[in-house]
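Derivation of every value follows stated rules applied to the coordinates shown; laboratory data play no part. Computed from a predicted model, the values in this text were never measured in an experiment. Don't worry about glycine lacking a Cβ; one is built from the backbone with ideal geometry, like all the others, and counts go over all protein chains shown.
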Amino acid sequence: MALNILYRGPEERGQYWQTLFAQNLPHVNWHTWPNVADKDTIDMLVCWIPPREYQQDYPNLKVLFSVGAGVDQLKVNEVPEHIQIVRMLDPGIQQGMTEFVSMSVLNIHRNTLAYVNMNKQAQWQQLPQKRTAEVRVGIMGLGNLGLGAATGLLNLGFKVAGWSKTAKQLSAVECYSGQEQLTAFLQQTDILVCLLPLTDETRGILNHRTLSCLPKGASVINVGRGEHIVEQDLVELLDQEHLRYAILDVFAKEPLDIDHVYWQHPQIWVTPHVAAITQNDSAGQALLGNVQRYLNNQAMLGAVERTLGY
Ligand code: NDP
Ligand code: OXD
């Protein structure tokens, strides 16, 4: 029986992937939401946010593919057990994230925000400059993206530590794991990078208590999800100058409201969820590879562990 894939997302990406599948797996039928003649035939759904009634509308759905690395937007807990959830392991996303984290850490390290503010007032002032080897970057989340970012930062000469759920041993990265080592990890971090998935365990993990464990003058980069941070606590610690800067790419509500306090805050730099964009070519290959694995009865790469939520 033919395999039927339903795609929901930007038109250009859909056309690119449809062509890729037609060239490589011509017996697979590609449909673009909402144009489906027989909804009962759909086996796989590829999307960022699924259509509202997808579980009822596509009763024979077997796989839900996220077009992004994260899956929290799919509401993992609400997806029935018989539907497998697979996230996107796109080398293009990893490369983009390594670039964004390196850029953000360097901007904090080289005082870019301070110089931009001083520029506006024609103020000539040289700020003290440390060497990268004196700066400790701590990455929360040592998964696909955290490991890529760690490599990029090590290449720039930063001291790198990481925190994950399970214990790891990595050369050149000081590894911490579990709740019991979170405080020790934070206490030795000058620039904190959040690259965690959003789960019940990680929601609100950056709050007054945890952010206060960072040394005075530390900075925060959030490229995980907005809900990892308790916004009011972050702003309070920036205002009190316990924290120096925050570079924020993700927000609890996106787009960020026009009157949100973050926009005008002199110590905050906002970017509109652009740290790592899914790349049509490399992500298309990743999707194609997974569909081929599925057809060969092999395990797909990036399959989500239900009990963990990522
Ligand atoms: P992975 O699943 O590969 O890695 C997740 C990491 O987080 C793992 O190291 C895991 O630990 C750790 N982790 C999970 N839960 C906990 C916990 N409770 N305590 C400690 N560590 C924990 O994910 P990726 O690296 O691919 O992606 C991470 C996130 O980045 C995505 O979920 C998404 O939210 C975000 N993202 C943001 C983008 C942007 O543009 N801003 C783009 C792409 C992704 P362990 O290794 O022990 O399992
Ligand atoms: C992703 C994202 O998860 O863009 O890929 O945030």
Taking a ≥ b ≥ c as the square roots of the Cα gyration tensor eigenvalues, with a/c under 1.5 meaning rounded and otherwise prolate when a/b beats b/c or oblate if not, segment 6-105 comes out oblate
What nm distance separates the two modelled labels at LYS216 and GLN121, each placed 7 Å from Cα along Cα→Cβ? 2.2 nm
Among GLU174, GLU81, GLU227, the residue with the largest mean-square fluctuation in a Gaussian network model of the chain built from Cα contacts under 10 Å is GLU81
Among bridges DSSP assigns within the chain, what percent are antiparallel (round to 5)? 5 percent
Restricting to DSSP loop positions (anything but H, G, I, E, B) with no more than 13 other Cβ atoms inside 10 Å of their own Cβ, which chymotrypsin sites (Phe, Trp or Tyr not before Pro) remain in segment 181-279? none
Quick one: which residues, 5+ away or cross-chain, put their amide H under 5 Å from the amide H of SER177? H built at 1.01 Å from N. SER164
Please list, in order along segment 245-259, the HN-Hα scalar couplings obtained from phi with the Karplus expression 6.51 cos²θ - 1.76 cosθ + 1.60 (θ = phi - 60°), rounded to whole Hz, x for Gly and Pro. 9, 9, 10, 10, 10, 10, 9, 4, 10, 10, x, 5, 4, 4, 9
Length gained, LEU106-GLN298, 0.36 nm per residue minus C-alpha separation, equals 65.0 nm
Which one, GLY148, PRO59, PRO91, projects farthest toward the positive side of the charge dipole computed for segment 22-156 from Cβ point charges (K/R +1, D/E -1)? GLY148
Between HIS27 and ASN60, what is the label-to-label distance in nm when each label sits 7 Å out along the Cα-to-Cβ direction? 1.6 nm
In order through segment 174-191: 3J(HN,Hα) via Karplus (6.51 cos²θ - 1.76 cosθ + 1.60), integer Hz, x for Gly, Pro: 6, 9, 10, 8, x, 4, 5, 10, 5, 4, 4, 4, 5, 5, 9, 10, 8, 10
Of the cross-linked pairs LYS75/LYS253; LYS62/LYS253; LYS75/LYS165; LYS159/LYS253; LYS159/LYS216, which ones have a Cα-Cα span greater than 27 Å in the structure shown? LYS62/LYS253; LYS159/LYS253
Per-residue HN-Hα couplings for segment 28-38 [Karplus 6.51, -1.76, 1.60; θ = phi - 60°; Hz; x = Gly/Pro]: 8, 8, 9, 10, 10, 4, x, 8, 10, 6, 10
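Could you sort the peptides 112-122, 96-106, 17-27 by per-residue average Cβ neighbour count (10 Å cutoff), highest mean leading?
So the peptides 112-122, 96-106, 17-27, ranked by packing, come out 96-106, 17-27, 112-122.
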Please sort through the DSSP H helices of the chain and keep those with an alpha-carbon extent of at least 18 Å along the long axis and a Kyte-Doolittle average not below -1.0. 91-109, 280-295
